[in-house]
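Scroll down for the structure; my scribbles are underneath it.
The values are calculated or read from the model by the stated rules, or taken from the named source; none is laboratory data. Predicted model only: the values in this text are computed from it and were never measured. For neighbour counting, all protein chains shown are included, and Cβ atoms are generated from backbone atoms with ideal geometry for every residue, glycine included.
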Amino acid sequence: MKSCIFGYTKQGAPVTAYTLTNTQGAECVLLDYGCTVQALKVPDEKNAFIDVVLGYDSVSEYEEHDGYFGAAIGRMANRVGASVFTLGGKSYPLAANDGVNHLHGGIKGFDKYIWTAEPSGNNTLRFSRVSPDGEEGYPGTLFVSVSYTLTDENALVIRYDADTDADTVISLTNHSYFNLNGSGSALNHILQIFADRFTENDAACLPTGKFLDVAGGPFDFAAPKALGRDIDENDEQLACGHGYDHNYVLSGAEGLKKAAVLFSPDSGIRLTVSTTLPGMQLYSANWLSPRKGKLGAQISPRGAVCLETQLFPNALACPDFPSPILRAGEHYHSETVYQFEIGSEN
Ligand code: BGC
């Protein structure tokens, strides 16, 4: 594994880039700042290597822009309604950084810390940090790690582990923006999601606690279809997210199961996402403001898609959602696999 200084934060702290390479020549560049997947180069059907994630060339761009590019998100992925939750009869106020709601762990979430990195064998890099009691308003000292493995079969495996010394809440994800052509629109990507239902959003993209069936409507990706096919349909749920920004309720039993398949007919690259988690946020990058990214690449709204495996957002206020509570003495573990292949849409 190679490593080099990627740059320095505004406070002058060094940020290191680590490169995992496999026997097929695929490459994953990881930053200790936010456990960020800065680059992920995989072969296309012509055996040219394409960087399939959006990102930046400098630390300052990661610090200044709020897209959470490639980062680990915590303690709570996505939204906590009204920026408050109750646990053990006590109310915990959190920062309101998305209107009245709390988004992606708050003002200084896991994406904005430098983590401790250590190689842990098998082409694996493990990042860890101790999130102190009270950080961003969350209770309990959290000992958390995120491990990335690049397999020789071109899969990026992400393992999340956490322990706490007091009851707390946790839902971790990775916020990579995928474009299987490297740049341009993602609306021609063919997407399949293994889910019959998704969670209804209010106008601020906060789940209401209700489940909606995907069948027949614009949210139906049960059979593969282009991401952009129905995205501009006149639909109340699409209108509130300005496109897709919704949590899918994944079908399939506990354990590692297929969540989604994303395919680009242009590059021939197929990404299969599998996870142990019950939900996945489909975010069609609706709010990306146009700007330049890595090597001057144009970043545009809907120029990528996020497939964020997760517990359901706003779960603490929705009794029918799986619980994000982690009690002292319990261990949190989840796994998500991003498998890249050359193939067809299914
Ligand atoms: C959320 C979006 C949000 C985006 C921020 C997604 O996970 O669901 O609503 O705008 O992250 O980059």
* **Scope region 155-185; condition within 14 Å of the ligand (Cβ to nearest atom) and assigned to a strand (DSSP E or B); matching residues** => SER171, THR173, ASN174, PHE178
* Would you please list the contacts, defined by Cβ atoms under 6 Å and residues six or more apart or on different chains, that run from a residue in region 50-78 that is farther than 22 Å from PRO139 by Cα to a residue that is assigned to a helix (DSSP H, G or I)? => GLY55/LYS294; TYR56/TYR62; ASP57/LYS294; TYR68/ASP111; ALA71/ASP111
* Asked: What number of residues within region 238-269 are part of a strand (DSSP E or B), buried (at least 22 other Cβ atoms within 10 Å of the Cβ) and not aromatic (Phe, Trp, Tyr)?
  -> 8
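What about GLY137, is it touching a residue at least 40 places away in the same chain (Cβ under 8 Å), surrounded by fewer than 23 Cβ atoms within 10 Å (Cβ to Cβ) and under 26 Å from TYR248 (Cβ atoms)?
On the way: touching a residue at least 40 places away in the same chain (Cβ under 8 Å): yes; surrounded by fewer than 23 Cβ atoms within 10 Å (Cβ to Cβ): yes; under 26 Å from TYR248 (Cβ atoms): no.
Considered against the rule, which asks whether it is touching a residue at least 40 places away in the same chain (Cβ under 8 Å), surrounded by fewer than 23 Cβ atoms within 10 Å (Cβ to Cβ) and under 26 Å from TYR248 (Cβ atoms), GLY137 comes out as no.
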* Whichever residue in region 186-203 is under 19 Å from the mean Cα position of the chain (by Cα) and part of a loop (DSSP other than H, G, I, E, B) and, among such residues, is nearest to GLY268 (Cα to Cα) -> HIS189
* Which of (1) buried (at least 22 other Cβ atoms within 10 Å of the Cβ); (2) closer than 21 Å to ASP66 by Cα does SER185 not meet, given it meets every other one? -> (1)
* Asked: Name the residues in region 270-282 that are of a type outside the set (S, T, N, Q) and either surrounded by fewer than 23 Cβ atoms within 10 Å (Cβ to Cβ) or more than 16 Å from the ligand (Cβ to nearest atom) (or both), would you?
  -> ARG270, LEU271, VAL273, PRO278
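Which residue out of GLY241, GLY216 is at pLDDT below 95, of a type outside the set (S, T, N, Q), closer than 17 Å to PRO313 by Cβ and out of contact with any Ser or Thr (no Cβ under 7 Å at 6 or more places or on another chain)? Break it down into steps so the answer makes sense when it comes.
Details: GLY216 fails: closer than 17 Å to PRO313 by Cβ.
Result: GLY241 is the single residue among GLY241, GLY216 that is at pLDDT below 95, of a type outside the set (S, T, N, Q), closer than 17 Å to PRO313 by Cβ and out of contact with any Ser or Thr (no Cβ under 7 Å at 6 or more places or on another chain).
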* Options LYS210, LYS258, LYS225: the member that is under 18 Å from the mean Cα position of the chain (by Cα) and of a type in the set (Lys, Arg) -> LYS258
* Asked: Of these, THR309, THR336, which one is within 13 Å of the ligand (Cβ to nearest atom), at pLDDT 95 or above, among the hydroxyl-bearing types (Ser, Thr, Tyr) and closer than 25 Å to ASP196 by Cβ?
  -> THR309
* To do: With the condition kept exactly as written, say whether any residue in region 237-253 is away from the ligand (no atom under 16 Å from the Cβ) and of a type in the set (D, E, K, R).
  => no
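For residues that are surrounded by 15 or more Cβ atoms within 10 Å (Cβ to Cβ) and within 16 Å of the ligand (Cβ to nearest atom), scanning just region 288-302, find the one that is nearest to ALA186 (Cα to Cα).
To start, the set of residues in region 288-302 that are surrounded by 15 or more Cβ atoms within 10 Å (Cβ to Cβ) comprises 288, 293-294, 297, 299-302.
Cutting the leftovers down to within 16 Å of the ligand (Cβ to nearest atom) gives us 288, 293, 299-302.
Working: LEU288: 13, GLY293: 16, ILE299: 11, SER300: 10, PRO301: 9, ARG302: 6 Å.
So the residue we want is ARG302.
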* strands (runs of 3 or more DSSP E) completely within region 32-107 that count 3 or more residues being more than 16 Å from the ligand (Cβ to nearest atom) and crowded, with 21+ Cβ neighbours inside 10 Å -> 36-43
* Working only within region 53-66, note down all residues that are under 14 Å from ALA285 (Cβ atoms) and touching a strand residue (DSSP E or B) at 6+ places or on another chain (Cβ under 8 Å). => VAL53, LEU54, GLY55, HIS65
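Looking at the structure I just gave you, is ALA26 in contact (Cβ under 8 Å) with a residue 60 or more places away in the chain, touching an Asp or Glu at 6+ places or on another chain (Cβ under 7 Å) and either within 16 Å of the ligand (Cβ to nearest atom) or at negative phi (or both)?
Numbers: in contact (Cβ under 8 Å) with a residue 60 or more places away in the chain: yes; touching an Asp or Glu at 6+ places or on another chain (Cβ under 7 Å): no; either within 16 Å of the ligand (Cβ to nearest atom) or at negative phi (or both): yes.
Here the answer is no, as ALA26 does not meet what is asked.
Could you list, in sequence order, the residues of region 310-346 that are touching a Pro at 6+ places or on another chain (Cβ under 9 Å) and in a strand (DSSP E or B)?
Hits for region 310-346 are GLN310, PHE340, ILE342.
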* Structure fact -> Scanning region 109-125 for residues that are within 17 Å of the chain's Cα centre (by Cα) and away from the ligand (no atom under 15 Å from the Cβ) gives TYR113
